[in-house]
1. Specify whether the C-alpha gyration tensor of segment A:37-110 places it in the rounded, prolate or oblate class, a ≥ b ≥ c being the square roots of the eigenvalues: rounded for a/c under 1.5, otherwise prolate if a/b is larger than b/c and oblate if not.
2. Straight-line reach from B:K251: which lysines have Cα under 30 Å away, leaving out those fewer than 8 places along the same chain?
3. For a footprinting-style exposure proxy, rank A:W38, B:W107, B:W231, A:W145 by other Cβ within 10 Å, fewest first.
4. Which value at 222 nm does chain B reach when only helices count, each DSSP H run of 4 or more adding -39,500 (n - 2.57), with the total divided by all residues and rounded to the nearest 500 deg cm²/dmol?
5. If you place +1 on the Cβ of every Lys and Arg, -1 on the Cβ of every Asp and Glu, and leave all else neutral, what size is the dipole of segment B:2-210 about its Cα centre, to the nearest 20 Debye?
6. Give me the percent of Cα-Cα pairs in chain A that sit more than 28 Å apart, rounded to a whole number.
7. Rounding to the nearest 10 and keeping the result within 0 to 90°, find how far the Cα-based axis of helix A:190-213 lies from the longest principal axis of chain A.
8. Going by C-beta contacts inside 10 Å, put B:V11, A:V242, B:V88, A:V141 in order with the fewest on the left.
Amino acid sequence: MLDPVILIQVLWTSVASASFQVLFTIAFALVLKVTGIWNFTQPALMGVAFYAMYVAVNWFALPLLLAVLAALAASAVLSAGIERIAFRALRRRAEEPITYFIFTLIFAQFVVFVLTLLFTPEPLYLLADMVPQIWLVGGVVVTSWDLIAIVLSAGMTAALWHWLRATRQGQFMIAVADNADLAEIYGIDKERSFLAAMLLAALFTTAGTYLFATKLALFPELPLHVMLFAVAATILGGIGSVFGAAAAAVAISVLQQFSVLVIASRWQPLVVFAILFIAIILFPNGVRWRGRQRIADGRHSEDGGAAAASSVTTQD
Amino acid sequence: MEFLASMAIGVGIFVILASSFNLIIGHGGLMSIAHPIFFALGGYGSALLARDLGLGVPPAILLGALVAGAASVALSLPALRVSGDYLVIASIGFQLGLLQIIKNLDWTGGAGGLANIRPLFATYTIDTKLAYVAVVGVLAVATVLAVRGLVAGPYGRAITAMRDDEEAFRSLGRNATAIKVTLFAIGSMFAGLAGALYAHYYLYLSPEQFEILYSAAMLTMVVVGGVRTTWGPALGALLLQVLPQAINFLKLPTALTGPLQGIIFTGLVLFFLFTRPQGLLGTRWSPPARPEDDDDAPPAGDIMPPKTGVP
């Protein structure tokens, strides 16, 4: 019989560890939902964000906050460039999905090679001292990193939910996600929504990278593997359901952490791949449950898109 | 001379890989990037059969190819139930999951890799290396011609019809799944053959060799050479094996050579994707471009992966 404190500890750790995965997953799921593109360039954003932070802190001795802002600027520029230069060009050429796939994957690889050339393939820590404060709460170890991670990811997720639901730009984005042409008829600039989705992806990826980098070391190739978690969560949560994907990210993290209790730790990474494969085969539309379709999440009918679009007539 | 022979063997192996990958993603339109894992399965299968079970190397090579072909069914049968985009993701999960298993099993050599693989010839002198070049060369040409023969005949027309309009194809009573699984198995079998040839020449296999980076290299060969062309992937394989060697002549530190070669690989693909998407030998393989005017651009939903659900 397992000690309940151990179970609570595993649960707490898995939820805290899920925080950056939630942010990466939201970034991935949002771009897929709005633009329809499986954005495998996301590891490039993560890599650029990390090394921008690393350079700012370790080469220029900037405070961490400024380093994060520098990382955000770098990833936002890269993300906007990908959308404006590459995705737009591919859209104009009416390329097949496989071309998007090749581009995104190869571009991510290209950035990995460039980062490897610049920073070597060795893992790097962002900060020299990353030991967090530790408290013992009822026998459960709680760290300052855990609290920051959970508050930041929950706060950003809630802010996105509110932004999508309560702002005009957010509603425009939902309308474009549902039916870009119909949205355009109602005066919404779909290209602007595509760009906004990519910029939000940069924001969430940078935030996730910050959390990751204040706990773990990173090497150029690692983001490619981290991204698979986001892909699995996106599929399990249901394509088009950004917040369903976020919930799935937490669920996978919990499952992965608890798997230590039944399988050897060396097999733990296999859990994500197994979930990914099973999710595609058994739940290609995600795990659905009642009452989950909400406008803020965009998982509604085409009429929903029209309704969202018709709630505005012109764009700012 | 030995350097050239080794390079020729590498080129031949990659011609087999690129041509068979072209059969799957180009002719079949099946978006899988798991080709490196079938390359690995052929290599590991053949190496283990020869080393641990005492099978002769030639039959082990053939069985290695069959192992890869059979394993492909494990991916294709369930994964092909869903649409192309999901196949890509499933293939990534399949590839990395199997690699994780290979890394953790003792009898595959684990993360340290599989050594002491039996060579095809007792020793590798210049003469036997040239003989290996001949073996690989014949098999590479045979692969290219087999792929061409497959897609040129009546079966090829069925493949094209299935790829271009699967719904219409099914409405005619044809079994699209059977064609996909068969294509997948044939392509993977050739990948396994390449893997076996690789294993019995280089005599060492490591799981790290078959990561996603390898998928990028294979995509590079196909895209640069020309998707859905007969000799394009072969040309791509030749270029992508020979060009990075130029870096070696610069006598740069090893830490720089790998990334620079990678930048050449991926940079070439990006260059070709935006300037000559049909590749060196290809004609346009994507749908015809629409007018430049934004207003006339096709709707996003028509050209990109489906946003919700799958057939």
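1. Values: a/c = 4.16, a/b = 2.64, b/c = 1.58.
Prolate.
2. Straight-line reach from B:K251, under 30 Å: B:K129.
3. So the ranking, lowest neighbour count to highest, is B:W107, B:W231, A:W145, A:W38.
4. -22500 deg cm²/dmol
5. In total the dipole reaches around 300 debye.
6. 41 percent
7. It works out to around 0 degrees.
8. A:V141, B:V11, B:V88, A:V242
FYI, it's all coordinate maths here, none of it is from the lab. What you are looking at is a predicted structure, and each value in this text was computed from that prediction instead of being measured. We place every Cβ from the backbone using ideal geometry, glycine too, and count neighbours over all the protein chains shown.
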